[in-house]
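Here is the structure we will look at.
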Amino acid sequence: MSMDRLLETIRGFDGVLELAPAEGSAFPELAWGDHFFYYAPDGRVPRREQPYATIVTKNYPDDDRCDLDRPDRWRLNIHVGTAAFVELIGENPRTTATPRDHTATDVVIPHPVYRAQGWVSIVNPAARTTELATRLLRQAHDRARHRAERRNDRGHAVGDPDPGGDRSS
C-alpha cells in the first residue's frame, strides 16, 4: 500500500482531521512531512485527545529503531488499545517486550516508544498488512468518535475542554 493510497483511505473517514505539518508551518521542523489523525468534525484539534493514528517519515531523536531515515521508508502507527494489542502481538503492552526487528516491513510490530499505551506500527504497509491496517485504522477512528460523542453528551463541544475534568477547586 502506498502512503498516498493510505492517506486517501484515512481522509475518507467521516469527521477526520489531518494535521500534516509542512515547511513554513507553525509546527516544529521535525514534524514536517508527517501526518497526525484525529476525529474532529468541527475541524479543531481536540484539546485533551491524542491522535488515533500517525504516519511518520523519519527517525525522531527518541525513536530510531525502525530506520526511517533510509529512502522510501515510513511507518504507520495506530492506537489499538490493550485488548487488540494482545491479540495482534501476543503480549501485554505493559510487560517486558520480546525482542523484535523494528526494521521489518509489512508486519505489525509494537510501537518502539508507545507500546505501553497500546500502539502498534507497520513499516511500509503492503500486501500482507493492507487489509488489517485499514481495519485497525477504522476501529481507532470509531473509538475516537465514540469518545468525542461521550464528551458531547456531557454538554460541551468536541474541541472544548471537559468542564468536569478539572475538579481541583
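Only the coordinates and a few stated rules stand behind these numbers; no lab work does. Computed from a predicted structure; not experimentally measured. Here Cβ is always computed from backbone atoms with ideal geometry, including for glycine, and neighbour counts include all displayed protein chains.
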Task: Simple label model, 7 Å out from Cα along Cβ direction - ALA97 to PHE27, nm - done: 2.3 nm
Open item on the list: Testing the spin-label approximation: label points 7 Å from Cα along Cα→Cβ at ASP142 and ARG154. State their distance in nm.
Closed with: 2.4 nm
Open item on the list: For VAL107, what residues show an amide H to amide H distance below 5 Å, using hydrogens built from the backbone and excluding near sequence neighbours?
Closed with: VAL123
Task: Burial ordering of THR129, THR82, fewest other beta-carbon atoms within 10 Å first - done: THR82, THR129
Task: Residue order, fewest to most beta carbons within 10 Å, for VAL113, VAL56 - done: VAL113, VAL56
Open item on the list: So if each residue of separation counts as 0.36 nm, and I subtract the Cα-Cα distance between THR130 and ARG48, what length gain in nm does that give?
Closed with: 26.5 nm
Open item on the list: Could you give each residue of segment 20-37 its phi-based ³J(HN,Hα) in whole Hz, using Karplus coefficients 6.51, -1.76, 1.60 with θ = phi - 60°, and x for Gly or Pro?
Closed with: 10, x, 10, 3, x, 7, 6, 7, x, 3, 4, 8, 4, x, 9, 9, 10, 10
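Count the DSSP beta bridges whose two residues both fall in the chain, then state the antiparallel fraction as a percent rounded to the nearest 5.
On the way: 20 of 21 bridges.
Given both bridge residues lie in the chain, the antiparallel proportion sits at roughly 95 percent.
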TODO: Calculate one ³J(HN,Hα) per residue across segment 118-128 by plugging θ = phi - 60° into the Karplus curve 6.51 cos²θ - 1.76 cosθ + 1.60, and present them in order as whole Hz with x for glycine and proline.
DONE: x, 9, 10, 9, 9, 7, 6, x, 8, 3, 5
Task: Gap separating the Cα centres of segment 112-132 and segment 1-32, nearest whole Å - done: 17 Å
- [ ] Return HIS102, HIS146, HIS79 ranked ascending by Cβ neighbour count within 10 Å, so the fewest neighbours appear first.
- [x] HIS146, HIS102, HIS79
- [ ] Scan (i) 1.24; (ii) 1.15; (iii) 1.06 for the value of Cα Rg over 2.2 N^0.38 Å calculated from this model and give just the label.
- [x] (iii)
Open item on the list: With +1 assigned to the C-beta of every Lys and Arg and -1 to the C-beta of every Asp and Glu, and no other charges, what is the dipole magnitude of the chain about the Cα centre in debye, to the nearest 20?
Closed with: 500 debye
- [ ] Given the options GLU87, GLU131, GLU18, state which has the largest fluctuation in a GNM of the chain using a 10 Å cut-off (strictly under) for Cα springs.
- [x] GLU87
